[in-house]
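J.: Below are the structure tokens for one structure; questions will follow.
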Amino acid sequence: MDTPNIDMQLIISKSEKTWTGIILRNNRLFYSTYNFPTKEKLLSHLKSKCNCDVEVIEDEHPIIKAINNIVNGVNYNIPKIEFDFSGYTNKEIKVLKALLKVPVGKTVSYGELAKLAGLPNAARFVGNVMAKNRFAPIIPCHRVILSNGKPGNFSSEGGVELKKKLLMQESKLFFNKQ
């Protein structure tokens, strides 16, 4: 990806045990990632995504705080975020925006999400969109499961075990509020 004349910021922060990072492009969320064991692994991963020289800022950004809260099952109040959907098709953006409407503590199958996005019979397409979601866990692809109730795949650092953990945390929070 060639990014001349584009303002990119790479912001990282350490939680208790792991590292979280975001890339902002023109002040919009371009990429987020979490659950990296070392700062070096996180930086290597993030730099491969922005593919340009960029200043690294080590700071507690509101988006990073929200990500860490989600991962730790603490708080699901997400700040207002503008997303940089560049590189996604209009159909992919529909899927990602539809997923934002799935509430904490709820899951949706790939087929159900396809219908929510106005793309019936596009479950496989939704799976492909989830695999390339750059905004996890803010756009919560961990809430998308197989129609048989099994978790399905999860491409974030930590894999399916992390997906199960996130779903369990959200489920406990959801049921405690009722």
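The values are calculated or read from the model by the stated rules, or taken from the named source; none is laboratory data. These numbers come from a predicted model, not from an experiment. Using ideal geometry, Cβ is built from the backbone for each residue, glycine included, and neighbour counts are taken over all protein chains shown. What goes into the accessible areas is simple: the full protein's heavy atoms, side chains included, and nothing from ligands, DNA or RNA. Shrake-Rupley method; radii C 1.70, N 1.55, O 1.52, S 1.80 Å.
J.: Select from the range 120-146 the residues that are more than 18 Å from Lys49 (Cβ to Cβ) and either at pLDDT below 90 or exposed (fewer than 12 other Cβ atoms within 10 Å of the Cβ) (or both) and list them in ascending order.
T.: Residues satisfying the conditions are Pro120, Asn121, Arg124.
J.: Name, by its number, the condition in (1) part of a helix (DSSP H, G or I); (2) more than 15 Å from the chain's Cα centre (by Cα) that does not hold for Asn121.
T.: Just one mismatch for Asn121, condition (1).
J.: While we're on this one: Does Ala114 qualify as being part of a helix (DSSP H, G or I), open to solvent by less than 70 Å² (accessible area, probe 1.4 Å), in contact with a Pro (Cβ under 7 Å, 6 or more places away or on another chain) and not acidic (Asp, Glu)?
T.: Considered against the rule, which asks whether it is part of a helix (DSSP H, G or I), open to solvent by less than 70 Å² (accessible area, probe 1.4 Å), in contact with a Pro (Cβ under 7 Å, 6 or more places away or on another chain) and not acidic (Asp, Glu), Ala114 comes out as yes.
J.: Another question, if that's okay. If you take the residues of the range 43-55 that are modelled with pLDDT of 90 or more and either open to solvent by less than 70 Å² (accessible area, probe 1.4 Å) or within 15 Å of Phe135 (Cβ to Cβ) (or both), which of them is farthest from the chain's Cα centre (by Cα)?
T.: Leu43
J.: Moving on to the next point. Go through (1) out of contact with any Leu (no Cβ under 9 Å at 6 or more places or on another chain); (2) open to solvent by 40 Å² or more (accessible area, probe 1.4 Å) for Ser15 and report which single condition fails.
T.: The single condition Ser15 does not satisfy is (2).
J.: Right, next: Count, please, the residues in the range 90-100 that happen to be more than 21 Å from Met8 (Cβ to Cβ), open to solvent by less than 70 Å² (accessible area, probe 1.4 Å) and not small (Gly, Ala, Ser).
T.: Total satisfying the criteria: 3.
J.: Please name all residue pairs, on different chains or six or more residues apart, with Cβ atoms under 7 Å, provided the first residue is in the range 73-92 and is modelled with pLDDT under 95 and the second residue is outside any loop (DSSP other than H, G, I, E, B) and open to solvent by 70 Å² or more (accessible area, probe 1.4 Å).
T.: As it stands, the answer is Pro79/Pro62, since those pairs meet every condition given.
J.: I'd like to verify a number: residues in the range 19-42 that are open to solvent by 30 Å² or more (accessible area, probe 1.4 Å) and either touching a residue at least 40 places away in the same chain (Cβ under 8 Å) or not acidic (Asp, Glu) (or both), how many?
T.: 9
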